[in-house]
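Undergrad: Mind looking over this structure? Questions follow.
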Amino acid sequence: MPILPSVVLPKRIRQRTGPAIRVAPLLLEAARKDAGAVLGMLQTSSAGLGEVEVERRLKQHGHNVVAQEHHYTRLRLLGKALVNPLVILLLVMAGLYYFLIDDVRAAIVILLMVFLGVVLKFIQETRADAAAAKLKAMISVTATVLRDGQPREVSLGNVVPGDIVKLAAGDMIPADLRLLSCKDLFLTQSSLTGEAFPVEKFDTPEPDASHSPLELKNVCFLGTSVESGTAQGVIVATGLNTYLGTMSSAMIEDSAVSSFDRGINSFTWLMIRFIFVMAPLVFVINWVTKGDMKEAFFFSLAVAVGLTPEMLPMIVTVCLSKGALAMCRKKVIIKRLNSIQNLGAMDVLCTDKTGTLTMDHIIVVKHCDVVLKSDDSVLTLAYLNSNYQTGLKNLMDRAILHYTQEKVPDNLPQYVKVDEIPFDFSRKIMSVVVQAPGQAKRMICKGAAEEIFKRCTRYELEGEARPIERVIIDDLREEHDQLNMDGFRVLAVAFKDLADKPSYGKDDECDLILKGYVAFLDPPKDSSRGAIRALQEHGVVVKVLTGDNELVSRKICGEVGIAIDHVLLGHQVEKMTDAELEAKAGPTALFARLSPAHKQRIIKALQAGGHVVGFLGDGINDAPALRSADVGISVDTAVDIAKESADAILLEKNLFVLEEGVLEGRKVFANILKYIRMGASSNFGNMFSVLGASIFLPFVPMEPIQILANNLLYDFSQVPIPTDDVDPEQIAKPRPWSMGQISRFILFIGPCSSIFDYTTFFIMLYVFGCWDPGLKSLFQTGWFVESLLTQTLIIHIIRTNRIPFLQSIASWPLMVTSVVIMVIGTWLPFSPVASYLGFVPLPWRYWPLIVLTLFSYMVLTQVVKTWLFRRGWI
């Protein structure tokens, strides 16, 4: 069963600014200093801390955990769920129903609504810090630290600022630290940046630490891990002071009020204002004109009940639940039901690149000669190099071996490995020496292009080796740079034949022949271009927020059909004020080199610009943005923290699945909006009629019990709205909440019903002589029937922007309930309960007049609705 939301609990939340996701200032300062100065600043030494000092610092800084136990008491959570205006209003109404009107059934129904809303709100609040708990579980590992000069394995929770940490391949970074020394250190930062390739780190000071903190070369962050190499560093920040710690603190703050919540809140407060103005006014007018305070009070109370959107909780919940079940069938699991409407209202989708637009799998996309012409012999050399090397095979090696399974020719000679010159990060080259039967020994080198260039004296083109002259080298570099500009990661391949000798070394990596290049890419999914085009056709602008570099991101965006007119990089975002970012975020389609804090700021900037923003991500680095977005979207293969932070989970990492969810969300909102328009405009029109009638009639225009019966029957006629069909144009574009549109609809459509209420008053007063107080029951019966029939029939006018019954037909349950309610309304004056409700039989002359009234009402309302629609006011 889907979890039902507390959408009936509007609240005026005072927006709180949560803790910023940031790097500790001390860490930035340490990045600028040399190793000795950093040790002095942290009052430690290269031998580490003593146990006594560790205990002191544990007391001072606390344990190295990123999620502190921070829970509201159950009583406080219950109080938060109870204290909001609609709950209080409904409780008051239930009490008045029970104690003053003696309507036990109505009181029970209202109390049931309150109970469900409060309980569901309570359940949601208790789950608010689940994401932080996931973060805490993430660091239940150990680190190697120096204590009194001796290496020890300690729990990450017991690491303190000033600890000296030793790092090796496979280690997790235990806290935010400054490197003191390192050798060939490469870190995997994809959990924080989304970048698939490892990042090289150094121990030299950063003279300018003003750019994006995640790009600092001598700093390592909690949540990343060592891909290769060794290092020693000093802990600078632990626990909630780490970058990941500030992220977890931001995640346990109260979520921002979403677009859906704001819409429900605004509508509820609009109706409450109507109630607080209309009910006292009706009371005063009836007391003054009729002289009976008790009767005036009961009547004004009935007016207040008539204006209260009692069915809003049920209609909204059923619409959302039905939408959640439909979306489940389309491979979208909804965790928080109010996110369904936000999904439909979304006009900007921000998405990570890796794994969402791309396959999240690095592959070989080009193997070419020096003029970028495809050349299988380049691939053969790259294959031999990757296959025969015995060191750690990196992502590119694995991609080459996977790609060449079907590409390497069957007649490849049976090479044997003669020697190997391992990769190191100073040379950035890996070489093997192989030999085929009857052939000379051949050295095959693969590595960074600039390093290969230094060692080449010739290049091979079309089977001919040619000298690299000064004029040629620039042309060769230009061809290589073109691959980089196209967004590829590139390795150069070179070779030379060797004289026979026992062993070979780095000195032999000279006088090479440049053969060509192997280019790699995390390629776009086949479905990405079509899905993005479909989203754009439905009014959703797709923006890419990635931690990867600009060139690769441009390449992917170009291939999936995202036009890139403006690009913002992380270091630029870092320097912008919120106002500047808001101005730049709208026209920008690609944001690259971003940190988690940057992503969150961009989401908020877009929201400040009036957009309903969705965010699709699956990494730790995406969690803050997922919580800040109006609707956070993740996938079932995402990390736990991302899934916990999301509102919706895609069972398939495919944007077409998301498009289906968007359309379903719009259907749900269209049906919710139908109820709001119907109920608000009809209630407003009726109360406007009540107000006028109370001034000139010698009796109340309708008894309280009649108003309640009318309200109950009309509400029942709207129960099947969640099953109703939706016209295609109603889901063609995003439909965010607009209280301006709702207010205009109420102010224009509501008085239409009042016009015919007043014509009914005229008929009852002058055709049937109801000025006589003795005929007040006839007047009240006539208006009750007209009011109920027009309200029920108008449902079919309001539910569509087309011509009802001809161009758009309601669902059969809505048709059936409309007919049933209209039949009941015409039967009640002649029924056995008529006297209990204060009704009397209506004369036959009444019925032709009411039919004419209904027809005229439908025509006028259709005309006004069409006029409003053409002006773009609804």
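Undergrad: Do we have any residue at all in segment 174-186 that's modelled with pLDDT of 80 or more, in a loop (DSSP other than H, G, I, E, B) and open to solvent by 20 Å² or more (accessible area, probe 1.4 Å)?
TA: No, every residue in segment 174-186 fails to be modelled with pLDDT of 80 or more, in a loop (DSSP other than H, G, I, E, B) and open to solvent by 20 Å² or more (accessible area, probe 1.4 Å).
Undergrad: Filter segment 31-70 down to residues that are loosely packed, with under 14 Cβ neighbours inside 10 Å, hydrophobic (A, V, I, L, M, F, W, C) and more than 44 Å from the chain's Cα centre (by Cα), then give me how many there are.
TA: Number of matching residues: 2.
Undergrad: Now for a different question. Report the residue count in segment 701-719 for those that are open to solvent by 20 Å² or more (accessible area, probe 1.4 Å), assigned to a loop (DSSP other than H, G, I, E, B) and over 17 Å from Val816 (Cα atoms).
TA: 1
Undergrad: Filter the helices (runs of 4 or more DSSP H) completely within segment 772-874 down to those with at least 1 residues that are buried (at least 18 other Cβ atoms within 10 Å of the Cβ) and more than 49 Å from the chain's Cα centre (by Cα).
TA: Correct list: 776-798, 834-837, 846-870.
Undergrad: Give me the pairs: first residue in segment 818-844 and in contact (Cβ under 8 Å) with a residue 40 or more places away in the chain, second residue open to solvent by 20 Å² or more (accessible area, probe 1.4 Å) and assigned to a loop (DSSP other than H, G, I, E, B), beta-carbon distance under 6 Å, and six or more apart or on different chains, which are they?
TA: What qualifies is Pro829/Pro841; Gly838/Glu703.
Undergrad: Tell me which of these Pro624 doesn't satisfy, since it passes every other one: (1) touching a helix residue (DSSP H, G or I) at 6+ places or on another chain (Cβ under 7 Å); (2) in a helix (DSSP H, G or I); (3) of a type outside the set (Phe, Trp, Tyr); (4) modelled with pLDDT of 80 or more.
TA: (4)
Undergrad: With in a helix (DSSP H, G or I) and either among the hydroxyl-bearing types (Ser, Thr, Tyr) or in contact with a helix residue (DSSP H, G or I) (Cβ under 7 Å, 6 or more places away or on another chain) (or both) as the only criterion, which of Pro751, Pro734 stands out?
TA: Only one candidate passes the filter, namely Pro751.
Undergrad: Would you please list the contacts, defined by Cβ atoms under 6 Å and residues six or more apart or on different chains, that run from a residue in segment 341-365 that is closer than 27 Å to Lys393 by Cβ to a residue that is open to solvent by 10 Å² or more (accessible area, probe 1.4 Å) and among the aromatic types (Phe, Trp, Tyr)?
TA: So the pair list comes out as Val364/Tyr403.
Undergrad: Pull up segment 361-388, narrow it to residues that are assigned to a loop (DSSP other than H, G, I, E, B) and farther than 28 Å from Ile473 by Cβ, then point me to the one that is farthest from the chain's Cα centre (by Cα).
TA: Per the criteria, the residue is Ile362.
Undergrad: Can you tell which of Asp526, Asp548, Asp507 is assigned to a helix (DSSP H, G or I) and of a type outside the set (Lys, Arg)?
TA: Only one candidate qualifies: Asp507.
To keep it simple, each residue is scored yes or no on (1) under 22 Å from Phe756 (Cβ atoms); (2) touching a helix residue (DSSP H, G or I) at 6+ places or on another chain (Cβ under 7 Å); (3) of a type in the set (Gly, Ala, Ser).
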| site | (1), (2), (3) |
| --- | --- |
| Arg799 | yes, yes, no |
| Trp812 | no, no, no |
| Met815 | no, no, no |
| Leu828 | yes, yes, no |
| Ser831 | no, no, yes |
| Leu852 | yes, no, no |
| Phe855 | yes, no, no |
| Leu860 | yes, yes, no |
| Arg871 | no, no, no |
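Undergrad: Taking Glu652 as meeting all but one of (1) open to solvent by 30 Å² or more (accessible area, probe 1.4 Å); (2) touching a helix residue (DSSP H, G or I) at 6+ places or on another chain (Cβ under 9 Å); (3) assigned to a loop (DSSP other than H, G, I, E, B), write down the number of the exception.
TA: Every listed condition holds for Glu652 apart from (2).
Undergrad: Continuing with this model, one more query. Tally up the residues in segment 422-443 that are within 19 Å of Leu395 (Cα to Cα), in contact with a strand residue (DSSP E or B) (Cβ under 6 Å, 6 or more places away or on another chain) and crowded, with 18+ Cβ neighbours inside 10 Å, please.
TA: So the answer is 5.
Undergrad: Based on this model, can you work out whether Ile444 counts as modelled with pLDDT of 85 or more and either in a loop (DSSP other than H, G, I, E, B) or under 23 Å from Pro502 (Cα atoms) (or both)?
TA: So Ile444 fits the description; yes.
Undergrad: On to the next question. Which residues, taken from segment 689-700, are assigned to a loop (DSSP other than H, G, I, E, B) and open to solvent by less than 10 Å² (accessible area, probe 1.4 Å)?
TA: Leu697, Val700
Undergrad: With the structure loaded, tell me whether Val364 is at pLDDT 90 or above and either open to solvent by 60 Å² or more (accessible area, probe 1.4 Å) or closer than 25 Å to Asp618 by Cα (or both) or whether it fails that test.
TA: Yes: the conditions hold for Val364.
Undergrad: Here is a follow-up. Output the residues belonging to segment 498-524 that are over 25 Å from Glu479 (Cα atoms) and open to solvent by 40 Å² or more (accessible area, probe 1.4 Å).
TA: Matches in segment 498-524: Ala499, Asp500, Lys501, Pro502, Ser503, Lys506, Asp507.
Undergrad: Looking only at residues that are basic (Lys, Arg) and within 19 Å of the chain's Cα centre (by Cα) in segment 570-618, which one is most open to solvent (accessible area, probe 1.4 Å)?
TA: Lys604
Undergrad: Right, something else. Out of everything in segment 542-567 that is aliphatic (A, V, I, L, M), open to solvent by less than 10 Å² (accessible area, probe 1.4 Å) and touching a Lys or Arg at 6+ places or on another chain (Cβ under 7 Å), what residue ends up being nearest to Asp481 (Cα to Cα)?
TA: Per the stated criteria, the residue is Ile556.
Undergrad: Here's a follow-up. Scanning segment 284-308 for residues that are part of a helix (DSSP H, G or I) and open to solvent by 60 Å² or more (accessible area, probe 1.4 Å), which turns out modelled with the lowest pLDDT?
TA: Selected residue: Lys294.
Undergrad: Can you find, within segment 237-283, the residue that is farthest from the chain's Cα centre (by Cα) among those that are open to solvent by 10 Å² or more (accessible area, probe 1.4 Å), over 29 Å from Met687 (Cβ atoms) and at pLDDT 80 or above?
TA: Result: Asn241.
Undergrad: Please determine whether any residue of segment 119-138 is at pLDDT 85 or above and closer than 25 Å to Arg22 by Cα.
TA: No, every residue in segment 119-138 fails to be at pLDDT 85 or above and closer than 25 Å to Arg22 by Cα.
Undergrad: Take segment 629-649 and flag every residue that is assigned to a helix (DSSP H, G or I) and surrounded by 24 or more Cβ atoms within 10 Å (Cβ to Cβ).
TA: Within segment 629-649, Ile641, Ala642, Ser645 qualify.
Undergrad: Restricting the first residue to segment 568-582 and requiring it to be in contact (Cβ under 8 Å) with a residue 12 or more places away in the chain and among the small types (Gly, Ala, Ser), which pairs with a second residue that is open to solvent by 70 Å² or more (accessible area, probe 1.4 Å) and not in a helix (DSSP H, G or I) meet a Cβ separation below 7 Å and a spacing of at least six or different chains?
TA: Gly570/Arg593
Undergrad: Would you pick out the residues in segment 369-395 that are among the hydrophobic types (A, V, I, L, M, F, W, C) and either surrounded by fewer than 20 Cβ atoms within 10 Å (Cβ to Cβ) or more than 19 Å from Asn484 (Cβ to Cβ) (or both)?
TA: Matches in segment 369-395: Val371, Leu372, Leu379, Leu381, Leu384, Leu392, Leu395.
The values are calculated or read from the model by the stated rules, or taken from the named source; none is laboratory data. Everything numeric here is computed off the predicted structure, so don't read it as measured data. Positions of Cβ are generated from backbone atoms using ideal geometry, with glycine treated the same way; all protein chains shown enter the neighbour counts. We work out accessible area using only protein heavy atoms, side chains counted, and drop any ligands, DNA or RNA first. Shrake-Rupley method; radii C 1.70, N 1.55, O 1.52, S 1.80 Å.
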